[in-house]
1. Anyone know which of Glu286, Glu224, Glu380 comes out most mobile in the 10 Å Cα GNM of the chain?
2. Only four residue types carry charge here, +1 at the Cβ of Lys and Arg and -1 at the Cβ of Asp and Glu. Report the dipole size of the stretch 1-140 about the Cα centre in Debye, rounded to the nearest 20.
3. How much length is gained if the chain between Arg160 and Asp377 is pulled fully straight, taking 0.36 nm per residue apart and subtracting their Cα-Cα distance, in nm to one decimal?
4. For the pair Ala328 and Asp252, how long in nm is the line joining their label points, each one 7 Å along Cα→Cβ?
5. Pairs of alpha-carbon atoms within less than 8 angstrom and 6+ residues apart define the contacts here; what relative contact order does the chain have, in percent?
6. Semi-axes of the equivalent ellipsoid of the chain: what are they in whole Å, largest first, if each equals the square root of 5 times a C-alpha gyration tensor eigenvalue?
7. Can you compute the label reach from Ser80? Point 7 Å from Cα along the Cβ direction, backbone N cut-off under 20 Å, restricted to the stretch 297-314.
8. Identify, among Thr235, Pro221, Ser245, the residue whose Cα sits farthest towards the positive end of the charge dipole of the stretch 199-247, taking +1 on the Cβ of Lys and Arg and -1 on the Cβ of Asp and Glu, with the dipole about the Cα centre.
Amino acid sequence: MQFFESVEYLYALGNEVLAMKLGLETIRLLSSELGNPHEAFPAIHIAGTNGKGSTAAMTEAILRASGYRTGLYTSPHLISITERIRVGGEPIPTHEFARLATQVREAGERLVGQGLLPALPTFFEQVTAIAFLWYAEQKVDLAVLEVGMGGRLDATNICRPLVTAITLVGLDHQQYLGETVAEIAGEKAGIIKPGIPVIVAPQEEAARVVILARAKECQAPVTELGVIASPLSHTHDLRQWVELSANGVSFDACLGLRGRHQLVNARTTISIIDHLVAMGWRIDKESIISGLENCFWPGRLDLRPGPAGRPLLIDGAHNEAGAEVLAAFLREHCAGRSLTLIFGAMRDKNVARIAGILSPLFERIILTRIDSPRALDPGEVRLERETMIGASVIESLEIAGQVTPPNGLIVVAGSLYLAGEVIAASS
């Protein structure tokens with residue numbers, strides 16, 4: 001297959017979430033058919049509702065700054081599917097993606113033809129297998145793997161981790177993972193392996209109890225992170241200087257990622273690094289500082305030029321916890337500023353709650369539709385205030401540029417898929 005054919009084939013398998021089949025039997029059979037590439041490299045495995053992508057990105061950036069050949073697997077992608085699979089910070093080349101996608105497709109079809117699988121592996125299972133093949137071929141020293149959904153039955157959970165980490169657990173994907181924080185935490189805690197250290201970010205007590213019980217059952221050493229201190233100061237572009245400690249040595253660093261919540265993610269990252277150092281990996285303070293400062297994670301409090309010269313802040317904020325983080329950031333840094341919100345979301349989210357958290361902060365709200373079968377029609381968003389509707393992301397950006405005053409700020413929120421469309425449209 002050519003690249004465009006491989007992408008069309010994968011999308012034809014069904015929407016990544018709507019067609020998802022949680023379970024490990026298929027990915028194990030598929031990986032075995034491909035020679036078990038996931039066994040060719042050690043991994044860092046990270047689950048959580050919010051913060052897992054940022055933590056994965058910071059961890060990979062530090063390892064790369066230390067001179068290691070790194071793999072990074074994340075989801076969803078914002079513009080190109082190749083973003084999900086990186087080696088040394090670079091996305092997999094399109095021709096290599098197509099080549100490996102062909103191998104994975106043929107392996108899946110063989111398994112179905114032999115009666116070993118009842119149906120082809122899903123989109124996420126096949127993309128995960130492509131990532132494992134690429135990391136094995138590239139002989140990465142270490143791969144940092146972000147869980148796609150949940151953890152216990154996520155396709156990434158066949159990896160061989162040196163360390164696991166669980167970031168903040170909250171309500172999201174309840175129809176797949178459970179209706180309560182405790183039930184969702186049980187799914188996230190499924191990445192904990194016997195004897196493998198696990199780092200646990202600060203959690204609601206209901207989630208904490210479940211995670212610690214799983215760790216005890218697995219006799220997995222636990223590092224619990226406590227209360228996170230405030231930043232020391234902020235830069236002109238709203239990044240923050242923080243005080244951290246690694247291997248008992250304190251230092252100051254300017255985080256490349258914005259928002260107080262990134263202090264938690266940075267501390268989680270540092271704890272991962274501390275465990276690796278204890279295992280013999282060579283990672284010094286300078287590499288840690290460099291990795292944290294140079295880490296960039298698009299679509300997460302991502303500040304860039306916008307339409308009509310207005311600044312644009314792009315943030316996924318796709319669940320209640322994410323909306324609370326964005327709202328806190330705006331209250332801290334944008335009080336008194338004229339704000340315009342471009343909002344779009346998926347229909348399986350608690351849109352009323354997310355929009356309710358954000359809407360009081362904005363003078364103007366533009367509702368838009370995301371190009372996805374899961375997208376909520378903007379006409380279905382119910383807010384007790386006047387809103388505008390953009391027929392497309394491009395039209396919504398144009399409207400925002402027209403109605404936002406020169407000293408104002410345009411904020412995009414509600415979905416990472418919306419963030420990706422905005423980044424593509426404004427590039």
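1. Highest fluctuation of the listed residues: Glu380.
2. Numbers: 11 positive and 14 negative charges, 68 e Å.
Charge dipole of the stretch 1-140: 320 debye, to the nearest 20.
3. Details: separation 217, 0.36 × 217 = 78.12 nm, distance 4.14 nm.
So the chain would gain 74.0 nm between Arg160 and Asp377.
4. So the two model labels end up 2.3 nm from each other.
5. Values: 883 pairs, mean separation 68.8, N = 427.
About 16 percent, as a whole number.
6. Numbers: eigenvalues 212, 148, 84 Å².
Whole-Å semi-axes of the equivalent ellipsoid: 33, 27, 21.
7. Of the residues in the stretch 297-314, 297-300 have backbone N under 20 Å from the label point off Ser80.
8. Most positive-ward Cα: Pro221.
We did not get these values from a lab; they are worked out from the coordinates using the rules stated. What you are looking at is a predicted structure, and each value in this text was computed from that prediction instead of being measured. Note that each Cβ is placed from the backbone with ideal geometry, even for glycine, and that neighbours are counted across all protein chains shown.
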